[in-house]
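Following: one structure in structure tokens, then a few remarks.
The values are calculated or read from the model by the stated rules, or taken from the named source; none is laboratory data. These numbers come from a predicted model, not from an experiment. For neighbour counting, all protein chains shown are included, and Cβ atoms are generated from backbone atoms with ideal geometry for every residue, glycine included.
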Amino acid sequence: MIFINDLDEDINSHILKFADDTKLLKEVRNSADSSQLQADLDKLVLWAQKWQMEFNVDKCKVVHVGNSDDGSTYYMEGSELTKVSCEKDLGVWISDDMKCSKQCMHAFNKATGLLGMIKRTIRYIKDTRVMMSLYKTLVRPHVEYCVSAWNPHYIKDLIEKVQRRLTKMINNMEGKTYEERLQCLKLLTVEEEKK
């Protein structure tokens, strides 16, 4: 980080730096704001050329957030930056409407895929101890990653569906309701956990 401490000198936009990621943020309400953002991008490019730490322009993206955006086009090193409606940042999907549905679906699909892998791999020893250990180690962390970004809107439905599927996979749970399975496994519903 010491090598890039001067990266934000003379930059008027808000800049975020993490490891080798750099984000430039600016509220754009008119063409003057858009020009200022482009000027800041140009300053970043000059800094990178000076210190021989080129940006990978192909990986640079523009996400226009909100209603007041004019949809301006931005450039780095003469190349137009790709406009996207959703981008993954540090493992979290950020969309232009700032809703978390894509992140939730990604987490749900990952957790469901892992449950499927567990079901295919563990065929005979589906006892409570083994299955709960696998669930808590492999599956639940994916569902709970960055949960503070999208809790409480989707957490109940998302985690509950995954947990419901897990309880059906464990031996001796056939014919029991979800509530009965939770009692046998000494689990709470997600809603009860959050109280």
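Values for this structure:
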quantity	calculated
Scope the stretch 43-81; condition of a type in the set (D, E, K, R), in a helix (DSSP H, G or I) and either free of Cβ contacts under 8 Å to residues at least 12 places away in the same chain or over 21 Å from residue 28 (Cβ atoms) (or both); matching residues	50, 58, 59
Residue count for the stretch 33-83, restricted to those that are among the small types (Gly, Ala, Ser), closer than 30 Å to residue 142 by Cβ and in contact with an Asp or Glu (Cβ under 6 Å, 6 or more places away or on another chain)	0
Search result, residues across the stretch 91-148 that are part of a helix (DSSP H, G or I) and aromatic (Phe, Trp, Tyr)	108, 135
Those residues of the stretch 163-195 which are modelled with pLDDT of 85 or more, surrounded by fewer than 16 Cβ atoms within 10 Å (Cβ to Cβ) and either more than 21 Å from residue 121 (Cα to Cα) or touching a strand residue (DSSP E or B) at 6+ places or on another chain (Cβ under 6 Å) (or both), in sequence order	175, 176, 177, 178, 179, 180, 183, 184, 186
Only one of 55, 18 that is within 21 Å of residue 90 (Cα to Cα) and out of contact with any strand residue (DSSP E or B) (no Cβ under 7 Å at 6 or more places or on another chain)	18
Count of residues meeting criterion [exposed (fewer than 14 other Cβ atoms within 10 Å of the Cβ), under 19 Å from residue 83 (Cα atoms) and not charged (D, E, K, R)] in the stretch 40-70	4
All positions within the stretch 148-162 that are in contact with a Leu (Cβ under 9 Å, 6 or more places away or on another chain) and modelled with pLDDT under 65	150
Subset of the stretch 84-125 [in contact with an Asp or Glu (Cβ under 8 Å, 6 or more places away or on another chain) and acidic (Asp, Glu)]	89
